[in-house]
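The values are calculated or read from the model by the stated rules, or taken from the named source; none is laboratory data. In this text the structure is predicted, and so the values were computed from the model without any measurement. Note: ideal-geometry Cβ built from the backbone for every residue, glycine included; neighbour counts use all protein chains shown. Please note that ligands, DNA and RNA were not included when accessible areas were found on the heavy atoms of the full protein model with its side chains. Shrake-Rupley method; radii C 1.70, N 1.55, O 1.52, S 1.80 Å.
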Amino acid sequence: MTDFAEKKVLELPIAGMTCAACSTRLENNLNKLAGVSAAVNLPMERARVEYDPSQTDAEAIVAQVAKTGFAVAPQSLDLRLTGMTCAACAARIETVLNRLPGVEARVNLATEKARVSYTPGLVTLDALIAAVHKAGYGAEPITEAARAEEKARKAAEYKREVIAFAVSAVLTLPLLIQMGMMFSLGEEHGTWIPGWLQWLLATPVQFWAGWRFYTGAYHSLRGGGANMDVLVALGTSAAYFYSVFVVLLDALSGTSGGHLYFEAGAAVIALVRLGKLLEARAKAKTSSAIEQLIGLQPKTARVERDGETVEIDIAALKAGDIVLVRAGERIPVDGVVVEGASSVDESLLTGESLPTAKAGNDKVFSGSQNLDGMLKIRAEGVGAQTQLMEIVRLTEAAQGSKAPIQKLADRISAVFVPAVVALAVLTFAGWWLVSGDFTQSLIPAVAVLVIACPCALGLATPTAVMVGLGRGAQLGILVRSAEALERAERLAVLAVDKTGTLTEGKPALVELHATDNIDQAELLRLAAALEQGSAHPLAQALLDAAQARGVSLPAVDDFENIPGQGVRGRVEGRELRLGRLDWLAVPPSPASGGGAGGEGTSAAHITIALADDSNLLGQLSFADRLRPSSKAAVQLLQARGVQVVMLTGDHASTAAAIAKEAGIADFRARVLPQDKAAAVAALKAEGRVVGMAGDGVNDAPALASADVSFGMRSGTDIAMEAADITLMHNDLASVAHAVELSHAVLRKIRQNLFFAFVYNVLGLPLAALGMLNPVIAGAAMALSSVSVVSNSLWLKRWRPK
């Protein structure tokens, strides 16, 4: 019993097993390790390993899995972080997490979250949290249920910030008024608050409102790093304790000649608190797009249970429930309409402004709004398993990712605080050597400490990424990572699939040629009537054309489908055949002409004919038409300097016709699905950034091989595995909009980084030269990060052209 109690257990997810032989081989190899007892479950793709830590360890077990030819599948989780105040904090947490075996972590200062990918067995959740705690910060896993709790926590934290700033401002105001009077009237006439009272006013500000800077500095230094709190604590403490020393010295000597700097320390703390208050308010707005999407899901739903309609909490819904949605209500589930008809507004999910008609067997999605009819819906996706929540998860993961452009800021943030402390020491020493005056040397050094702002550097990229990707999600542009966004901004060549991307992806009737025996309306009526018994795409196109023209169709009898040739049957007692002209075997008759589709016959058309027992009645031409927006989208991409290349499996004449109509000069014909990836690779060989836009079905290899891939969806399929950017509109214009968004976000990032760098490059020398009062320096530092976040918030107003 003692030996058993000392053993540990690992539950490992295993990737790469395909059959019972795989699981048996893995089990045998694991059991070869000393002190190991393993059982592998093939259906669950998991291994349960019991081991004696004195004989082997988790690293050896994971290595044995890899040696056998399999892998322990990495897992991901999000941690909510507390205690961070600047970019140095985020860099410190990221460093300690990434030191753990099998861990890859990204910390987002703006969201106060860490996205952690780890190898089960090498590290546990408790170990991740312990590492963060040891570094001086707090961490806990984020769950769906924790969202409301986190919102309440942030609201309470914001309230505490307001109180702390209000108290510090009230206590600091008299000190600042006195400082202003001293500048205007001179020190002898402007000093009206005695030193002991200044001390009394400044102390609560220093050690109550400013206590967070001391605790933050302590935790940061204990964890082996240094952050903004260290700078503020050092600078304000120097001003405060120097002033206390002067007050005590004056009291002992009975004089009052020493200058006091209580207002400098108190004002810096008050202003930094104000800056953090404004920053917290602005940062809350950066995630408003995600909150808006989450808020689309109703809290309750009406369902049919045991023949009655009852209202239940959304969490109690399950797949298969019949949900009733009245006009004006939001749909609570993903599902299929089983009864009723209505128009549904899906604009906040897809960005599509026009309502979509819904009737029997149509799919509907959670968060969309039912406009004008009663719908009964059979639930298929509920709770967290809806398209809406998948969009939220994808966007949150992307918001937590890092753009390559941020790497420079991260490297600078890691050494920023120690460099500033060193600069402050050198400033003090330099002024001391020049002036020999302690007070004159102290003030520039304090100004150097309090003007330095690593926060602006840390917030420059993540706030712009958060706002931009959130806005993109609202408009149906779902970006997998910030890195993909940066590649999209550098896009030089875009390869596009023809079918379903440039074109509508289905045939449509474009021309009718009736003979002298019949008119065009009658030709369409008879042909569509005959096709009522067929499921062929051309049949559906004919029926759609008849419905659009309001044609009433007679019944068809004795219908027969001849595979590869056509169909035949009897309509209104008349024997008719519709299909290939060579199959009909009737002599051609003179046509009365007239193009129904407004297009001339081209190589891209498919033509079939209608005949009775002996006469040809007319010909009908079909084509996969260019989408109405494709030509404008191509022009927009070309205006941005993107070369558009069309890939298609069609023969050259058909490809040339579509390419000419779309305004595309470069195309590749006869490219099979399996060869599209090679075509993309050939374009990449030219050394330019190449994108691929396709429907994600047979285009998956090409999407995966491109530098940046655009997966175009109809709004009913969110298979996002292959694409870097998923577009809810099955429309090339969405690709152009995604490229526009990437330019807008990267432009904001560059503006933010420029401001953050220039602020520090200009501010630190001015402070060191004694040209900035510490109060002014503190105000500038507080406002720098606020201005960066506020600049990012302009992206909330972005709209595609």
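Conditions tested, residue by residue: (1) open to solvent by 40 Å² or more (accessible area, probe 1.4 Å); (2) at pLDDT below 85.
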position: Lys748; (1), (2): no, no
position: Ala756; (1), (2): no, yes
position: Leu769; (1), (2): yes, no
position: Gly778; (1), (2): no, yes
position: Val786; (1), (2): no, yes
position: Val789; (1), (2): no, yes
position: Arg797; (1), (2): yes, no
*Restricting the first residue to segment 165-181 and requiring it to be among the hydrophobic types (A, V, I, L, M, F, W, C) and buried (at least 18 other Cβ atoms within 10 Å of the Cβ), which pairs with a second residue that is at pLDDT below 90 and not in a helix (DSSP H, G or I) meet a Cβ separation below 8 Å and a spacing of at least six or different chains?*
Leu175/Ile193
*Select from segment 569-581 the residues that are within 55 Å of the chain's Cα centre (by Cα) and open to solvent by 50 Å² or more (accessible area, probe 1.4 Å) and write down the one among them that is modelled with the highest pLDDT.*
Arg577
*Take segment 652-685 and flag every residue that is at positive phi and open to solvent by 50 Å² or more (accessible area, probe 1.4 Å).*
Arg670
*Qualifying residue in segment 706-713 (condition: more than 15 Å from Gly458 (Cα to Cα), acidic (Asp, Glu), at pLDDT 85 or above and part of a helix (DSSP H, G or I))*: no
_Going through Trp199, Trp192 one at a time, which residue ends up being open to solvent by 60 Å² or more (accessible area, probe 1.4 Å), modelled with pLDDT of 80 or more and either not in a helix (DSSP H, G or I) or not charged (D, E, K, R) (or both)?_
Trp199
*Going by the structure shown, is His737 in contact (Cβ under 8 Å) with a residue 24 or more places away in the chain and over 20 Å from Val465 (Cα atoms)?*
no
*Collect the residues in segment 57-72 that are open to solvent by less than 20 Å² (accessible area, probe 1.4 Å) and within 15 Å of Lys7 (Cβ to Cβ), keeping them in residue-number order.*
Ala58, Ile61
*Name the residues in segment 426-484 that are hydroxyl-bearing (Ser, Thr, Tyr) and part of a helix (DSSP H, G or I), would you?*
Thr427, Ser435, Thr439, Ser441, Thr461, Thr463
*asked:* I need a count of the residues in segment 435-449 that are open to solvent by 10 Å² or more (accessible area, probe 1.4 Å) and within 38 Å of the chain's Cα centre (by Cα).
replied: 1
*Hey, Gly35 hits all of (1) in contact with a helix residue (DSSP H, G or I) (Cβ under 9 Å, 6 or more places away or on another chain); (2) over 17 Å from Thr119 (Cβ atoms) but one; which does it fall short on?*
(1)
*Would you point out which residue out of Ala20, Ala47, Ala58 is modelled with pLDDT under 85 and within 25 Å of Leu100 (Cα to Cα)?*
Ala58
*Please tell me if Thr111 is open to solvent by 50 Å² or more (accessible area, probe 1.4 Å), touching a Gly at 6+ places or on another chain (Cβ under 8 Å) and over 30 Å from Asn29 (Cα atoms).*
no
*Flag if Arg480 is basic (Lys, Arg) and modelled with pLDDT of 90 or more*: no
_Residue under question is Ala139, and the condition is that it be surrounded by 21 or more Cβ atoms within 10 Å (Cβ to Cβ), under 23 Å from the mean Cα position of the chain (by Cα), of a type outside the set (D, E, K, R) and outside any helix (DSSP H, G or I); does it hold?_
yes
*Working only within segment 493-514, note down all residues that are in a strand (DSSP E or B), closer than 22 Å to Leu526 by Cα and of a type outside the set (Gly, Ala, Ser).*
Leu509, Val510, Glu511, Leu512, His513
*When you look at His729, is it under 21 Å from the mean Cα position of the chain (by Cα), at pLDDT 85 or above and open to solvent by 10 Å² or more (accessible area, probe 1.4 Å), yes or no?*
no
_Meets criteria (open to solvent by less than 50 Å² (accessible area, probe 1.4 Å), closer than 21 Å to Ala777 by Cα and more than 16 Å from the chain's Cα centre (by Cα)) for Ala452_ = yes
*Can you confirm whether segment 503-521 contains a residue that is touching a Leu at 6+ places or on another chain (Cβ under 6 Å) and on the phi > 0 side of the Ramachandran plot?*
no
_Condition broken by Val434, with the remaining ones in (1) over 30 Å from Ile776 (Cβ atoms); (2) among the hydrophobic types (A, V, I, L, M, F, W, C); (3) modelled with pLDDT of 85 or more satisfied_ = (1)
